[in-house]
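All remarks here apply to the structure that follows.
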Ligand code: PMP
């Protein structure tokens with residue numbers, strides 16, 4: 001096949017090895033620990049069907065028309081309520097609604113990352129986020145983390161942005177403790193570095209407790225990214241960014257350049273969903289489902305994994321992060337695991353520098369509890385065979 005002459009920066013995107021894993025994860029009957037897809041069983045589809053019909057009947061022309069680049073006001077009002085759950089006193093004229101928080105990452109990177117600029121990220125970090133910074137030719141440096149998330153003391157150097165997922169991190173599952181949050185913000189204030197607080201999982205703490213967002217006490221330092229993908233439905237493709245006030249206009253302009261406006265109809269549907277109190281009950285139920293699934297996964301790991309395998313405590317979100325004995329390569333285990341019907345994401349996907357060879361991410365969000373128990377047992381068996389080779 002002829003080599004296609006893509007732009008040079010393409011080399012730094014998402015490693016193709018990991019794309020293959022996702023393609024295989026989509027096969028029917030596969031027990032997939034690979035994606036971050038939410039369980040949608042608890043959505044009230046009748047309510048959503050009625051709300052959709054009402055929107056089309058009562059404001060169909062507006063719903064199916066272009067709208068403004070910042071996002072429809074009624075949704076931005078609703079977003080302020082969602083943000084208040086994590087201690088933020090948001091203003092609706094500040095948020096920019098985006099096509100998923102993925103596009104919010106693009107907006108921030110497009111405006112703040114010049115080729116060669118350093119973006120600090122946690123290690124490990126969300127592959128899709130780092131791919132965006134690299135697409136804008138930023139140099140992602142992943143700083144030391146421990147079981148608690150980012151160790152802020154590690155980043156004294158000059159850079160443009162710190163990218164953090166402080167609450168139920170992807171992929172580490174960690175919750176950044178209060179003292180690290182304080183230290184991180186102090187350092188970023190002192191060095192005049194912006195923080196991207198990527199927070200799709202913040203409302204998914206198993207005990208229902210919420211944590212004060214970094215944004216709450218540092219509104220002009222933080223680009224806060226929210227998403228409806230994990231607390232509602234990813235197919236709607238809606239998220240938002242709440243930037244420092246002086247950058248709102250720039251981000252709106254960039255959003256318009258990218259997508260003209262976020263989809264009008266799904267914005268109205270999300271606004272209707274949030275207007276009804278039922279969404280908090282559905283979310284509470286989802287939290288219980290995820291807590292149960294995480295419990296089943298951790299119990300199965302405890303029961304089946306050989307000595308030398310460790311994992312994080314998981315108190316919310318979608319992920320368990322596994323560390324294997326150093327001589328085992330988690331990527332080499334992918335093919336034999338897939339042969340036996342189980343797929344996960346090898347740790348190398350979550351580093352830009354080749355680390356993560358003996359680490360892996362398992363999501364518990366989508367498979368059933370039975371699949372989780374079976375899948376973990378299979379993986380433990382594959383691991384034993386790989387260790388013996
Ligand atoms: N940030 C993180 C940390 C994520 O885990 C994801 C999705 N897996 C995203 C951003 C993108 O989410 P969205 O569907 O809102 O674009």
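A short reminder: the numbers here are calculations on the coordinates, not readings from a lab. Remember, predicted model here, so these are calculated numbers, not experimental data. Cβ atoms come from the backbone with ideal geometry, glycine included; neighbour counts cover every protein chain shown.
Could you state the angle between the C-alpha long axis of helix 369-388 and the longest principal axis of the C-alpha atoms of the chain, as a value from 0 to 90 degrees rounded to the nearest 10?
Helix 369-388 sits roughly 50 degrees off the main axis of the chain.
Run the numbers for residue 310 and residue 275: contour at 0.36 nm per residue of separation, minus the present Cα-Cα distance, in nm. Before the final figure, lay out the partial values.
Values: separation 35, 0.36 × 35 = 12.60 nm, distance 4.25 nm.
That works out to 8.3 nm of additional length.
Kindly provide the pair-distance distribution of the chain built from C-alpha pairs, with 20 Å bins from 0 and whole-percent values in order of increasing distance.
P(r) for the chain, in whole percents per bin: 28, 58, 14, 0.
Divide the volume of the convex hull of the Cα atoms of the stretch 263-313 by its number of residues and quote the answer in cubic angstrom per residue.
Taking only Cα atoms, the stretch 263-313 has a hull volume of 109 Å³ per residue.
I'd like the FRET efficiency for residue 370 and residue 46, computed as 1/(1 + (r/R0)^6) with the beta carbon distance as r and R0 of 30 Å, rounded to 0.05.
So the FRET efficiency works out to roughly 0.65.
Nearest 5 is fine: what % of DSSP beta bridges in the stretch 190-297 come out antiparallel, could you say?
50 percent
With 10 angstrom as the radius, rank 257, 210 by how many other C-beta atoms surround their C-beta, starting from the fewest.
Numbers: 257 11, 210 16.
Lowest to highest Cβ neighbour count: 257, 210.
How long is the gain from residue 91 to residue 7 if the chain were fully straight, where each residue apart is worth 0.36 nm and the alpha carbon distance is subtracted?
26.3 nm
Given a Förster radius of 51 Å and the C-beta distance between residue 68 and residue 388 as r, what FRET efficiency does 1/(1 + (r/R0)^6) yield to the nearest 0.05?
0.25
Ranked highest first by the average count of other Cβ atoms within 10 Å around their residues, in what order do 133-141, 166-174 fall?
Answer by packing, highest mean first, reads 166-174, 133-141.
Taking only C-alpha pairs under 8 Å that are 6+ residues apart, what is the relative contact order of the stretch 31-142 in percent?
Over the stretch 31-142, the number comes to 17 percent.
When a footprinting reagent is the concern and you count Cβ atoms within 10 Å, what order do 123, 368 take, fewest first?
With the sparsest Cβ surroundings first, the list reads 368, 123.
Quick one: work out the % antiparallel among DSSP beta bridges in the chain, nearest 5.
On the way: 20 of 38 bridges.
For the chain, the DSSP antiparallel bridge percentage is about 55.
Quick one: check the C-alpha center-to-center distance for the stretch 294-342 versus the stretch 29-46, whole angstrom.
20 Å
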